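**Student:** What follows is a single structure, and I will ask about it in a moment.
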Amino acid sequence: VEAARHRSFDRLGVRVTRPRTAIGTRGVVHRSHAMLTKFETKSNRVKGLSFHSKRPWILASLHSGVIQLWDYRMGTLIDRFDEHDGPVRGVCFHKSQPLFVSGGDDYKIKVWNYKLRRCLFTLLGHLDYIRTVSFHQEYPWVVSASDDQTIRIWNWQSRTCVSVLTGHNHYVMSAMFHPKDDLVVSASLDQTVRVWDIGGLRKKAAGGGGDESGMRMPGGGSIGGHDLFGGGDAVVKYVLEGHDRGVNWASFHPSLPLIVSGADDRQVKLWRMNDSKAWEVDTLRGHVNNVSCVLFHARQDIIVSNSEDKSIRVWDMSKRSGTQTFRREHDRFWILAAHPEVNLLAAGHDSGVIVFKLER
């Protein structure tokens with residue numbers, strides 16, 4: 001039986017539906033994982049999500065151009081930020097500063113202070129839609145992926161572009177920093193996943209080589225990720241080929257040398273890498289439409305993916321097989337986010353967000 005729900009209107013007039021009890025798919029609690037829904041919203045299509053590391057907050061960026069800030073514990077909309085012109089596909093909280101970054105179809109990257117409740121500045125340089133934006137764990141960097149076929153790394157303190165990574169020959173759908181190593185992983189509609197070595201950029205930052213202060217040459221001062229004077233800031237390390245349609249998402253494992261990717265060929269692929277090469281380990285089949293997003297669960301040995309087939313799938317990493325499918329009736333899924341500290345996941349779909357836990 002579906003959980004009893006109660007509706008409440010928060011102070012900004014948005015209806016929030018909060019399940020009282022935990023349910024699995026269609027009300028069935030499953031053997032392997034039950035999906036415990038903690039919070040749901042009703043809104044325009046959700047394209048980007050980010051959990052706050054300390055507070056019970058989640059950012060949702062919408063196809064309508066609005067960015068919503070929700071308290072998922074209270075079930076209230078805390079704030080909304082409405083400065084982008086057109087869909088906002090990427091959003092990310094900073095892990096320690098009161099900041100978040102967003103990227104939209106207006107070619108703009110905006111850095112916001114949520115305490116001051118305003119946009120601090122806009123980073124310009126991309127020539128087409130921006131798909132994802134995320135902060136580096138340690139350095140004052142943002143990495144962005146764009147339909148202009150480039151990945152850019154920006155210093156948000158000096159407000160400059162410090163590197164342009166070229167090599168993809170179609171839209172770049174996602175790009176993110178490795179949690180510990182000097183690497184970036186990107187996914188593109190050119191059917192490849194690329195891993196980039198940004199060790200040169202870090203050495204420059206650590207060495208105070210002038211560039212990090214924003215003293216760049218006009219136009220960014222780096223071509224194809226190579227400094228004009230020969231030292232490569234960011235160079236491609238591996239090109240992972242195996243998908244036979246465009247790749248929508250690629251994620252690093254938080255601690256193991258693994259990558260997971262999801263594509264329009266409806267497949268989720270698992271890749272392994274060492275110092276000299278990277279290779280395909282396995283293919284997870286089950287989705288019946290484009291795979292939108294895929295990530296490793298930080299605390300369990302599972303992969304979670306979602307798709308335009310209106311489902312979230314859970315895959316056992318050791319068995320390399322699907323253990324669970326959670327379906328929605330009418331809504332395609334577009335994005336997944338994992339909480340950095342606690343066992344919480346979020347998924348964005350055509351008409352809102354679900355924040356949930358996977359319990360064994």
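**Student:** Give me the distance in nm between label points sitting 7 Å out from Cα along the Cα-to-Cβ direction at Thr323 and Ala206, one decimal.
**Tutor:** According to this spin-label approximation, the distance is 3.8 nm.
**Student:** Moving to a separate point now. What ratio of Cα Rg to 2.2 N^0.38 Å holds for segment 260-356?
**Tutor:** Compared with the compact-globule rule of thumb, segment 260-356 sits at 1.06.
**Student:** Let me ask something additional. Along Cα→Cβ, 7 Å out, is where each label goes; now give me the distance between the ones at Ser96 and Leu124 in nm to one decimal.
**Tutor:** Modelled inter-label distance: 3.3 nm.
**Student:** Roll a 1.4 Å probe over the protein chains and send me the accessible area per residue for segment 54-125 in Å².
**Tutor:** Working: 2940 Å² over 72 residues.
Result: 41 Å² of accessible area for each residue.
**Student:** When the chain is fully extended, how far beyond the present Cα-Cα distance does Glu138 get from Ile78, taking 0.36 nm per residue of separation?
**Tutor:** On the way: separation 60, 0.36 × 60 = 21.60 nm, distance 2.77 nm.
Using 0.36 nm per residue and subtracting the Cα-Cα distance, I get 18.8 nm.
**Student:** A further question follows. Taking the full set of protein chains and a 1.4 angstrom probe, give the accessible area of Glu341 in square angstrom, rounded to the nearest 10.
**Tutor:** Around 90 Å² of this residue is reachable by solvent.
**Student:** Can I ask one more? Pull out a ≥ b ≥ c, the square roots of the eigenvalues of the alpha-carbon gyration tensor of segment 120-209, then state rounded if a/c is under 1.5, prolate if not and a/b is larger than b/c, and oblate in the remaining case. Don't skip to the answer; put the middle values down first.
**Tutor:** Values: a/c = 1.96, a/b = 1.31, b/c = 1.49.
Cα axes put segment 120-209 in the oblate bin.
**Student:** Cross-link list Lys47/Lys108; Lys47/Lys180; Lys95/Lys180; Lys180/Lys203; Lys38/Lys357: which exceed 19 angstrom alpha carbon to alpha carbon? Each step should come with its number before you reach the end.
**Tutor:** On the way: Lys47/Lys108 16 Å; Lys47/Lys180 26 Å; Lys95/Lys180 14 Å; Lys180/Lys203 15 Å; Lys38/Lys357 7 Å.
Over 19 Å apart, Cα to Cα: Lys47/Lys180.
**Student:** Sticking with this one: If you stretched the chain out fully between Lys54 and Glu280, how much longer would it get, using 0.36 nm times the residue separation minus the C-alpha to C-alpha distance?
**Tutor:** Values: separation 226, 0.36 × 226 = 81.36 nm, distance 3.55 nm.
The span from Lys54 to Glu280 would gain 77.8 nm if fully extended.
The values are calculated or read from the model by the stated rules, or taken from the named source; none is laboratory data. Keep in mind it's a predicted model, so treat the numbers as computed, not measured. Cβ atoms come from the backbone with ideal geometry, glycine included; neighbour counts cover every protein chain shown. When the accessible area is computed, the model is the full protein with side chains, heavy atoms only, and any ligands, DNA or RNA have been set aside. Shrake-Rupley method; radii C 1.70, N 1.55, O 1.52, S 1.80 Å.
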